[in-house]
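The values are calculated or read from the model by the stated rules, or taken from the named source; none is laboratory data. The structure presented is a predicted model; accordingly, all values stated were derived computationally and were not measured. We place every Cβ from the backbone using ideal geometry, glycine too, and count neighbours over all the protein chains shown. What goes into the accessible areas is simple: the full protein's heavy atoms, side chains included, and nothing from ligands, DNA or RNA. Shrake-Rupley method; radii C 1.70, N 1.55, O 1.52, S 1.80 Å.
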Amino acid sequence: MLIIGSHVGYKKDTGLVGSVKEALSYGENTFMFYTGAPQNTIRSTIDNQQVEEAFSLMRENDMLSDKVIVHAPYIINLGNSDEEKFSFSCRFLEQELKRVEACHMKYLVLHPGSHVGNGIEKGIQTVIKGLNEILEKDTTNVMILLETMAGKGSEIGSCFEELKQIIDGVEKKDRIGICLDTCHLHDAGYDLTQFDSLLLTLDQIIGLEKVKCIHVNDSKNEKGARKDRHENFGFGKIGFDTLIHIVYHEKLKDIPKILETPYVDRLYPPYRYEIEMIKKKEFDCNLLEKIKKIEN
Ligand code: FE
Ligand code: FE
Ligand code: ZN
């Protein structure tokens, strides 16, 4: 069975119930959410009642609650060695892990960070220090999934070797996993048309068992552009066939596939339609036009 969902919203008043309802409206059996707005660190406490309700809703609809992913906000940066910013990121992540646990979720996707001009080595060491400090105190069992990055600006984690170096430095290795992002891999220079050999490389360097989530996005830019601009499924430079091969890859069959593709005209969520197209395994070049007509 295909395990597929998308990034959905999370609002203070409806909480996790709202997120589940949104995912159901797109025909998803899993999803990914932020515990507040992705761009900021304003967070409200998790409402237990809402979580219970969300889980019964998931059960009623055969959703795979153990495959649901939480994403940490973008502005968390464990790679910045500036004392104040570093400790802010650490404190926030400590609390975020507790929120993920309060939601009864198992996985938190994290952008490893940016070295902000201090160099990749220093950046990696700072990330390792942060993760060790956080995990030493942490009492949850949430797994932090380091996301493969596009390599925009001074981003850390745009190649498997850097992620491996971070994992090697972390003491509680069982608490660290990996989240692949197809747009980011492509933008970082990986050739997704050779996905089988990419998986072999990944397996040699990190180990496939570490991969717990995959973001399936197309890219607006050429391979190696280091830009990180997502495109709708099949409409970008990666293309439909390559993405379908990844989505249905035997070695990734138990891993949730999450769409983070852009809203059409910034207004209309494409996920229901993209998922239908993915299930048909047939590219519809008029899909975005259709979405505009239907949703308008
Ligand atoms: Fe991400
Ligand atoms: Fe992503
Ligand atoms: Zn991205």
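Quick one: go through segment 33-67 and flag any residue whose amide nitrogen is under 19 Å from the point 7 Å out along the Cα-to-Cβ line of Ile75.
Answer for this model: 34-45.
Provide the packing ranking of 135-142, 179-186, i.e. peptides ordered by the mean count of other C-beta atoms within 10 Å per residue, highest first.
Numbers: 135-142: 14.1, 179-186: 26.6.
Those peptides, ordered most packed to least, come out 179-186, 135-142.
Carbon and sulfur: what percent of the chain's accessible surface (1.4 Å probe)?
Of all accessible area on the chain, carbon and sulfur atoms account for 48 percent.
Could you please report the charge total around Lys11, scoring K, R as +1 and D, E as -1 over all other residues with beta-carbon less than 14 angstrom from its beta-carbon?
Computed value for this residue: 0.
Residue by residue, what Karplus-based ³J(HN,Hα) values in Hz, rounded to whole numbers, does segment 248-261 have, using 6.51, -1.76 and 1.60 with θ = phi - 60° and x for Gly and Pro?
My calculation for segment 248-261 gives 9, 5, 4, 6, 10, 5, 8, 9, x, 9, 10, 8, 10, 7 Hz in order.
His215's amide H: which non-local residues (gap 5+, or another chain) put their own amide H closer than 5 Å, with H modeled 1.01 Å from N in plane and none for Pro or chain starts?
Correct list: Leu180, Asp181, Thr182, Ile258.
Along the Cα-to-Cβ line of Asn132, 7 Å from the Cα, sits a label point; which residues in segment 58-93 have backbone N less than 20 Å from it?
From segment 58-93, the list is 77-93.
Among Val116, Ser87, Phe31, which residue has its Cα furthest toward the positive end of the charge dipole of segment 1-120, with +1 on Lys/Arg Cβ and -1 on Asp/Glu Cβ?
Val116
Enumerate cysteines in the chain without a disulfide-compatible partner, where compatibility requires another Cys Cβ under 4.7 angstrom.
Cys90, Cys103, Cys159, Cys183, Cys285
Longer than 18 Å from Cα to Cα, which of Lys212/Lys253; Lys129/Lys210; Lys67/Lys212; Lys67/Lys129; Lys220/Lys251; Lys67/Lys280 are they? Say none if no pair is.
Numbers: Lys212/Lys253 11 Å; Lys129/Lys210 20 Å; Lys67/Lys212 9 Å; Lys67/Lys129 28 Å; Lys220/Lys251 27 Å; Lys67/Lys280 23 Å.
Check vs 18 Å cut-off fails for Lys129/Lys210; Lys67/Lys129; Lys220/Lys251; Lys67/Lys280.
Per the Cauchy relation, a quarter of the hull surface: what is the mean projected area of the convex hull of the alpha carbons in segment 47-153, in nm²?
Working: hull surface 30.1 nm².
Quarter of the Cα hull surface area: 7.5 nm².
What helices does the chain have that are whole DSSP H segments, at least 27 Å long along their own axis by Cα, and with mean Kyte-Doolittle hydropathy of -1.0 or more?
Span-like helices, by this rule, are 83-102.
For a quick check, take a GNM of the chain with Cα springs below 10 Å and name the residue from Glu209, Glu52, Glu83 with the largest mean-square fluctuation.
Maximum fluctuation in the GNM of the chain, among the listed residues, is at Glu83.
So, with +1 on the Cβ of K and R and -1 on the Cβ of D and E, and no other charges, what is the size of the charge dipole of segment 4-295 about its Cα centre, to the nearest 20 debye?
340
Any idea of the accessible area per residue across the chain, 1.4 Å probe, to the nearest Å²?
For the chain, the solvent-accessible area averages 44 Å² per residue.
Could you work out the local net charge near Ile166, counting Lys and Arg as +1, Asp and Glu as -1, over the other residues with Cβ closer than 15 Å to its Cβ?
In short, -2.
By the scheme Lys and Arg +1, Asp and Glu -1, what is the net charge of all other residues having a beta-carbon under 12 Å from that of Glu22?
Values: positive: Lys11, Lys21, Arg272; negative: Glu28.
Overall, the nearby charge balance is +2.
Scan around Asn221 for amide H atoms under 5 Å from its own, H built in the peptide plane at 1.01 Å from N, and keep only partners 5 or more places away or cross-chain.
Arg229, Lys237
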